[in-house]
1. Taking the inverse of the average 1/r across all pairs of different Cα atoms in the range 80-236, what Kirkwood radius in Å do you get?
2. For the range 77-161, state which GluC sites (Glu not before Pro) are in a DSSP loop and have at most 13 other beta carbons lying within 10 Å of their beta carbon.
3. Would you kindly derive the ³J(HN,Hα) couplings of the range 131-143 from the backbone phi angles with the Karplus curve 6.51 cos²θ - 1.76 cosθ + 1.60 (θ = phi - 60°), listing them in order in whole Hz, with x for Gly and Pro?
4. Starting from the amide H of Cys80, placed 1.01 Å from N in the peptide plane, find each other amide H under 5 Å away whose residue is 5 or more places distant or on another chain.
5. Short version: ³J(HN,Hα) in whole Hz for each residue of the range 186-191, in order, from phi by Karplus 6.51 cos²θ - 1.76 cosθ + 1.60 (θ = phi - 60°), x for Gly and Pro, what are they?
6. How are the Cα pair distances of the chain distributed, in percent, across 10 Å bins from 0?
7. Are there cysteines in the chain with no other Cys C-beta under 4.7 Å, and if so, which?
8. With just the Cα atoms of the range 31-113, tell me how far they stretch along each of the three principal axes, in Å, largest first.
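The values are calculated or read from the model by the stated rules, or taken from the named source; none is laboratory data. Note that the structure is a prediction, hence the values are computed from the model and not measured. Note: ideal-geometry Cβ built from the backbone for every residue, glycine included; neighbour counts use all protein chains shown. For the accessible areas, the whole protein counts, side chains as well, though only heavy atoms, and no ligand, DNA or RNA atoms are used. Shrake-Rupley method; radii C 1.70, N 1.55, O 1.52, S 1.80 Å.
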Amino acid sequence: MQLYQTHSPANPVLFVHIPKTAGTALFALAAKIYGRIPGRIDPCIFHLPMNWHEFDDTEELAQAIAKRRERRICFISGHCTYAIRKHLPYSPRMISMLRNPSSRVISAYNNMRRDPNNGYHSTAIRMSLHEALQERAIPELENGQVRRIGGLPPHIGPLTQDHLELAKHNLDKHFAVIGFTERFDETVELLRNTLGWPRKGYMPWNVAPKTSVKPKYSAATSQLIEARNQLDKNFYEYAEQRFEHQIARLQPDFHAGVERTRKYNQNWYRHWHKWGIAPVRHIKRLIK
């Protein structure tokens, strides 16, 4: 029996989903592994009701956790921070994803502008990215990855070196795997080795529409992004070193496993597009 099938309520997997790090793709993969069937998510998967701007101490979240307290939970996911751990009635195995800070900031800001349900939408549509960074109006755009792995609320203001050290401590002590958007296939293979996941197909989710115009930012804005996310950059580099050490311990078979996972996924993706996406799009056109 696979390890992923034997998680008890005392030992679920908690995915700290940092926005715009390919987390939706990872959640979709985990949902298939932990019991998703077409059109339905298994009750053992607990998706935390959290918006980007919310911290882990809202009353709505507390009520949601209380309602699920007596139910079997295998996988928990949401736009939470490390601090959610202390609100859970069990000790989870923790995972997360990181992304190049500059790329993530731009992607996150564009998402905030597109999505009216995003908690930062009203701020993003009235301020340029440069203005939002300069005025520190959107905490998610300033060392947002250190904030979430450090378990820090958005209202504490600019972060310091101590906050970076806290995030590093949490990573080393409590996270089984922190992967990378830019190394998604390797991340999936490392999760397979660490959590006992089977091979399943995966694909991009929640990406920017191809028809959307990608704005070009000035050199001054790019420099400001770098300046406001220096701690995220340092944390990204630190986490990548840990990632490499984890891979090294799995050699010499790890890279061969990545290739098998990649080929499996390529075959699944082609088949899924042929027999999944195309008919659905055709039916939608007919309905319209």
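1. Values: mean 1/r = 0.0587 Å⁻¹.
With all distinct Cα pairs of the range 80-236 included, I get 17.0 Å.
2. On the way: sites: Glu131, Glu135, Glu140, Glu142; in loops: Glu135, Glu142.
Those satisfying the criteria are Glu135.
3. 5, 4, 6, 5, 8, 6, 7, 10, x, 4, 8, 10, 6
4. His17
5. Coupling constants for the range 186-191: 5, 4, 4, 5, 5, 5 Hz.
6. That works out to 6, 26, 34, 25, 8, 0, in percent per bin.
7. So, Cys80.
8. Over the range 31-113, Cα extents along the principal axes are 41, 32, 24 Å.
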